[in-house]
């Protein structure tokens, strides 16, 4: 009797394996006919936003990470894997932010290029915790880096679809001008903060590039790592509270995609304001449609305005 | 190696679990074709003694000889019949499959029972009068019928010594008769039988000898000589009742 | 019907299905013994004690090291478990609970040292069935084959021991060795399943199919075949459901978990059928 079951199973298995060993799907030819839109899969909301701005109606963008989802530890669902299988081009943020992407790309059978939009950008290593060996992935908070990402995306799209290269380059230039305007506005606003108050405490270490660009001192973060999930020790927390008190920081900032609990506790212990809820910063991605952070430009402006107001400047 | 060699010999045997002695100084002989009743109050060591005959309990004083060998070496030819109600009544086996289990050791590891084994098992089930229930789930049989099936399993083993652990507990009259008939046939064929029981009437009926046990051996000898009020009282610690000439024990 | 077939046109879903079917059949057959021997808690303990092995294997050799680490800890825990249950003076329940929580905590501590701690943890606990590759399928198949072959070779002794441990000991069967062998088979299933469904969900594969099959038949041979079928069917239905939810409705339903829910649903069906069977029997009608 026991004999029958293994045979049946073997038959089923053989059938499934035959389907699985079939030729890989996805990663189509290098050039696309000028009639069809390029199917791009973008990982993060920020990258997706850039691709939409550069690509316009020449691209169809599938964004894997929805707003508010933590990019550091994402588990792909069937629809994500399928999108990757059917993609013409896959664009990621890079610097190890999407650790889960490699396995998923392989499983999907996508054989094309995975474009690293952070390529060529100077990556900061950050202090303290060892974290990812690759460094801090939150490069986009410095608008100059954002320009680099946009340029990289335009080049990739141009390479995939040479017929529309001129369009992509034109869109990229227009958007870069907006990034320049954002940069100038940020500088002016932050300049209005009294010099002694230009100190930042955030939920996790996501604003390194922003602080470097605008001359803000990064006092520390509630989660002392680039990754949002490291375990906190009591010692680290009390060290942070001590530093907040000693440097005279005025506020602790929580983030849109992380729970505010710990940030609130730290702020309370240190006797300073906590900025959370509606005003939370967009650190790892963007907000949903209708929120103040639905696009990159909006999110970055929101971040700056919130920080500047809380630290005593004028927006 | 003729028929006069004892099937079972206790030579001042004492048993222990670890360092605790639980049964002392059992001494006596069971010859082929004979049956011995093992009688004593609960906790007297009857089950322990049976397990020692199987080589599962340490003999720390004296010796136990089974079929001329040590208990462990004799296991092939010794059959143990547990109480049927210790087994899971929901288990998905048929009566026939339970009896076939008696052939497994003979069949050996990695092999399947053959036609000959199935034939022996069928005969064994017939010997206890349950051939028509072979395909029924073990748990659907009555307590007495289950006990008979377990005896059939032992018969399928073709043993020279049978050890029965309180086989008549809660067994109906029909099953009791079937069990006694099967045991009688086994004895006629030369097997020796040891039955642990509380039932003195059955001991009188079916057993040649009695071993009275209460952590030590009180007596070992022919049934009529041993089942006397004085000896019973000695074994049961003064809790034996005598009514109407028949002895009833706690 | 196409709802059940269409998802598996994509190669990654086909691979997930292959693993699910394999684990369903192997887990199903093993689960019959788990249910007969009442080893559900022991099996649950094994899923927890294998976990630190998964982490150690991953730390040493990445994703491909998981199976080896798990295997090493599986053997270790089976030996410990069998020794404990033979010699322990405290109840078996308590010693199992101590093993379970102790080992599991070691695993959590080890994984929490890594920055990517929650992602790794969820992968180990709940599996990543959508990203299994051919190599992992082969490893799963080999481990599953070893488990099934062991059961096939020892089946009459295992059944005898399960039914009548005293009788088996009396016949001179090495009951402790037989128990060790069965525990090892269970551990092998846990190791085989860890990449696909994770250590927490594999317990469903090790218990539900056997329990459901038992409700449907009283004959051991039929129960084994039914359990294998139910295990496989649960994998198939669960994956199809997860796919349809994701593609058609934009609903994220973790694939390992949908397999478990499918198994539980099948158990519910079996329970209903079982009730009909037994009431029909009670009314005196003959059921085959």
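The values are calculated or read from the model by the stated rules, or taken from the named source; none is laboratory data. Since the structure is predicted, the reported quantities are computational estimates derived from the model, not experimental observations. Note that we place each Cβ from the backbone using ideal geometry, even for glycine, and neighbour counts take in every protein chain shown.
What the table shows:
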| read-out | value |
| --- | --- |
| Any hit, the range B:114-131, residues being closer than 21 Å to residue B:75 by Cα, surrounded by fewer than 21 Cβ atoms within 10 Å (Cβ to Cβ) and within 14 Å of another protein chain (Cβ to nearest Cβ) | yes |
| Residues of the range A:260-307 that turn out to be modelled with pLDDT of 90 or more and surrounded by fewer than 21 Cβ atoms within 10 Å (Cβ to Cβ), as a count | 7 |
| Residue in the range B:74-96 that is more than 8 Å from every other protein chain (Cβ to nearest Cβ), out of contact with any strand residue (DSSP E or B) (no Cβ under 6 Å at 6 or more places or on another chain), at pLDDT 95 or above and surrounded by 20 or more Cβ atoms within 10 Å (Cβ to Cβ) present | yes |
| Test: residue in the range C:263-284 that is outside any helix (DSSP H, G or I) and more than 10 Å from every other protein chain (Cβ to nearest Cβ) | yes |
| The range A:59-87: number of residues that are touching a strand residue (DSSP E or B) at 6+ places or on another chain (Cβ under 8 Å), surrounded by 23 or more Cβ atoms within 10 Å (Cβ to Cβ) and part of a loop (DSSP other than H, G, I, E, B) | 2 |
| Elements of type helices (runs of 4 or more DSSP H) contained in the range A:218-315, each with 1 or more residues being within 30 Å of residue A:177 (Cα to Cα) and within 22 Å of the chain's Cα centre (by Cα) | A:296-310 |
| Within the range A:176-212, tally of residues that are over 15 Å from residue A:143 (Cβ atoms) and part of a helix (DSSP H, G or I) | 4 |
| The one condition in (1) in the same structural domain as residue A:285 (by TED's automatic domain parsing); (2) touching a residue at least 40 places away in the same chain (Cβ under 8 Å) that residue A:195 fails to fulfil | (2) |
| Within the range A:95-122, tally of residues that are buried (at least 17 other Cβ atoms within 10 Å of the Cβ), touching a helix residue (DSSP H, G or I) at 6+ places or on another chain (Cβ under 8 Å) and assigned to a loop (DSSP other than H, G, I, E, B) | 10 |
| Number of positions in the range C:238-262 that are within 14 Å of chain A (Cβ to nearest Cβ) and in a helix (DSSP H, G or I) | 17 |
| Among the residues listed as C:123, C:74, the single one being within 9 Å of chain A (Cβ to nearest Cβ) and within 20 Å of the chain's Cα centre (by Cα) | C:123 |
| Any hit, the range C:158-176, residues being away from chain A (no Cβ under 14 Å), at pLDDT below 95 and farther than 19 Å from residue B:157 by Cα | yes |
| Filter result (within 7 Å of another protein chain (Cβ to nearest Cβ) and within 12 Å of the chain's Cα centre (by Cα)) within the range C:194-230 | C:228 |
| Hits in the range A:126-171 - residues which are away from chain C (no Cβ under 14 Å) and at pLDDT below 90 | A:127 |
| In the range B:6-20, the residues that are crowded, with 17+ Cβ neighbours inside 10 Å and more than 20 Å from the chain's Cα centre (by Cα) | B:16 |
| Matching residues in the range C:161-173 - criterion: being closer than 17 Å to residue C:34 by Cβ and in contact with a helix residue (DSSP H, G or I) (Cβ under 7 Å, 6 or more places away or on another chain) | C:161, C:162, C:165 |
| Matching entry among C:279, C:255 (being crowded, with 22+ Cβ neighbours inside 10 Å and farther than 30 Å from residue C:156 by Cα) | C:255 |
| Top-ranked residue in the range B:127-138 [being part of a helix (DSSP H, G or I) and touching a helix residue (DSSP H, G or I) at 6+ places or on another chain (Cβ under 8 Å); ranked as farthest from residue B:181 (Cα to Cα)] | B:138 |
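For every residue, the table says whether it meets (1) surrounded by fewer than 21 Cβ atoms within 10 Å (Cβ to Cβ); (2) more than 14 Å from chain A (Cβ to nearest Cβ).
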residue: C:23; (1), (2): no, no
residue: C:33; (1), (2): no, no
residue: C:52; (1), (2): no, yes
residue: C:55; (1), (2): no, yes
residue: C:62; (1), (2): yes, no
residue: C:70; (1), (2): no, yes
